[in-house]
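Peer 1: Would you mind keeping the following structure in view while I ask a few things?
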């Protein structure tokens with residue numbers, strides 16, 4: 001693409017040159033006969049300095065008149081300056097206002113959370129969301145690269161489905177001509193036939209959960225990446241999951257240092273995220289949560305007491321992960337509280353061959369996966385036990401009729417992973433436009 005301007009991110013190649021840049025006024029200030037503006041263009045921030053003798057009277061007047069978030073074209077000489085944001089400064093010689101912005105509603109003062117998310121379309125320009133979404137971009141790309149480099153085939157699972165993965169209680173129902181359809185909660189069921197065709201596959205797309213939850217760990221629309229591998233059993237799945245997560249975290253550390261610095265993230269905690277990850281069984285975790293010290297902390301926090309046979313609550317996950325300095329994988333959960341398609345343990349059929357990976361620092365589950373049932377009759381029995389309509393799953397059962405093999409997969413919520421990597425307090429900050437029980441705007 002031919003252009004007559006440069007990006008801030010390219011200034012290392014233009015030190016000493018007179019260049020043109022285009023962007024928006026992020027900040028400005030004056031000091032006597034000197035004017036300072038900070039330009040942003042999406043690739044970085046650049047302080048531009050102009051003395052009254054360096055520019056024409058018209059340009060000096062424009063520097064006084066220009067408002068925050070006005071779009072401008074700026075020209076000047078690039079100088080290396082380690083004290084400046086990004087390490088460079090511009091000796092400004094010309095400024096042309098492309099559009100003079102109205103008074104910008106987001107000022108450098110404290111705004112409430114609801115105000116900022118009501119103005120999310122503008123708040124994206126601020127440093128914090130900009131840093132978060134830059135990291136999100138890297139996380140997404142690293143996910144794709146991880147599987148592409150390992151010869152996985154991308155399979156686009158449908159968003160509209162005729163049936164649910166795990167029952168319909170948390171699905172959004174929508175009319176579909178003369179039938180009912182649901183917004184998908186996972187691409188997994190459609191990946192399983194694909195892995196029998198391609199061996200190693202993954203899908204990546206939006207998923208939807210109609211949970212009426214207002215916790216910091218829930219969104220109604222989020223993105224999930226899901227691999228599925230033929231001939232893979234639980235031990236191999238655990239290795240794939242820890243290799244994947246450590247790769248994604250490593251990429252963020254390698255390529256997003258400046259963004260992590262903006263967020264004041266303690267990266268030493270992320271540098272510990274290397275294999276092997278600790279592995280415990282559900283029973284091990286239950287015993288840890290039953291210890292007097294853990295029970296006392298639950299009472300102190302006002303959290304409900306954990307009971308064996310239940311899923312973990314948010315505080316339970318936090319207590320468990322405090323024992324480790326990297327993600328912990330909890331395996332062999334009670335089959336009765338897990339999905340119908342999970343393979344039972346041959347040594348103890350009351351347990352499922354499954355895993356939840358819990359992030360450290362209290363960020364909760366980031367991965368859930370399992371070995372899938374590959375026996376036709378056992379799967380049909382589980383579908384009936386869960387009172388699911390067999391007719392809707394006839395195609396899914398077909399996989400077990402024609403060359404069935406053990407296979408496994410997992411799903412990772414992108415926003416949960418990003419929230420942990422960035423150290424954010426809430427998932428809503430990890431997605432450009434969050435959808436929650438009480439938010440559908442903007």
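Laboratory data are not the source of any read-out in this text; all were calculated from the coordinates shown. Computed from a predicted structure; not experimentally measured. Here Cβ is always computed from backbone atoms with ideal geometry, including for glycine, and neighbour counts include all displayed protein chains.
Peer 1: Let me know the Rg and Dmax you get for segment 217-354 when you use only its Cα atoms, in Å.
Peer 2: Over segment 217-354's Cα set, Rg and Dmax evaluate to 17.3, 50 Å.
Peer 1: Connecting C-alpha atoms closer than 10 Å in a GNM of the chain, tell me which of 149, 47, 343 has the biggest fluctuation.
Peer 2: Ranking 149, 47, 343 by mean-square fluctuation puts 149 first.
Peer 1: Order 117-128, 371-382 from most to least packed using the mean count of other Cβ atoms within 10 Å.
Peer 2: 371-382, 117-128
Peer 1: Could you give the distance between the Cα centres of segment 367-394 and segment 55-92, to the whole Å?
Peer 2: Comparing the Cα centres of segment 367-394 and segment 55-92, I get a distance of 63 Å.
Peer 1: Output the relative contact order of segment 154-231, whole-number percent, from Cα pairs under 8 angstrom with separation of 6+ residues.
Peer 2: Over segment 154-231, the number comes to 32 percent.
Peer 1: Quick one: P(r) of segment 87-128 from all Cα-Cα pairs, 10 Å bins, percents rounded to integers, in order of increasing distance.
Peer 2: Reading upward from the zero bin: 20, 37, 30, 13, 0.
Peer 1: Sticking with this structure for a sec: For segment 300-442, report the % of Cα-Cα distances exceeding 23 Å.
Peer 2: Tail of the P(r) past 23 Å holds 50 percent of the pairs.
Peer 1: What angle do you read, to the nearest 10 degrees and between 0 and 90, between the alpha-carbon axis of helix 188-198 and the longest principal axis of the chain?
Peer 2: Here the helix axis deviates by roughly 90 degrees.
Peer 1: Consider the candidate values (i) 21, 41, 29, 9, 1; (ii) 20, 35, 33, 11, 0; (iii) 22, 47, 24, 7, 0; state which one is P(r) over Cα pairs in 20 Å bins from 0, in percent computed from the structure displayed.
Peer 2: Read-out taken from this structure: (iii).
Peer 1: Hey, could you get me the Stokes-Einstein D for segment 8-99, Kirkwood radius over alpha-carbon pairs, 37 °C and 0.692 mPa s, rounded to whole µm² s⁻¹?
Peer 2: 256 µm²/s
Peer 1: Give me the distance between the Cα centres of segment 217-281 and segment 285-359, rounded to whole Å.
Peer 2: Computed from Cα coordinates, the inter-centre distance equals 20 Å.
Peer 1: Nearest 0.05, what FRET efficiency do residue 79 and residue 361 give at R0 = 51 Å with Cβ-Cβ as r?
Peer 2: Efficiency computed from Cβ-Cβ geometry: 0.80.
Peer 1: Under the classification rounded if a/c is under 1.5, otherwise prolate if a/b is larger than b/c and oblate if not, where does segment 52-151 fall, given a ≥ b ≥ c as square roots of the Cα gyration tensor eigenvalues?
Peer 2: In terms of gyration-tensor shape, oblate.
Peer 1: Sticking with this structure for a sec: Springs between alpha-carbon pairs under 10 angstrom, Gaussian network model over the chain: which of 134, 207, 174 fluctuates most?
Peer 2: 174
Peer 1: Okay, moving on. Would you mind checking the tilt of helix 292-301 against the longest principal axis of the Cα atoms of the chain, expressed as 0 to 90 degrees and rounded to 10?
Peer 2: The answer is roughly 50 degrees.
Peer 1: Express the relative contact order of segment 8-99 as a whole percentage, based on alpha carbon pairs under 8 Å and six or more residues apart in sequence.
Peer 2: 32 percent
Peer 1: When only Cα pairs under 8 Å and 6 or more residues apart are kept, what is the percent relative contact order across segment 68-154?
Peer 2: That works out to 21 percent.
Peer 1: Could you work out which residue, out of 333, 420, 395, moves most in a Gaussian network model of the chain, that is, has the largest mean-square fluctuation with Cα springs under 10 Å?
Peer 2: In the Gaussian network model the winner is 395.
Peer 1: How large is the translational diffusion coefficient of segment 305-349 in µm² per second when you combine the Kirkwood radius over alpha carbon pairs with Stokes-Einstein at 10 °C and 1.306 mPa s?
Peer 2: Taking Rh from Cα pairs, D becomes 128 µm²/s.
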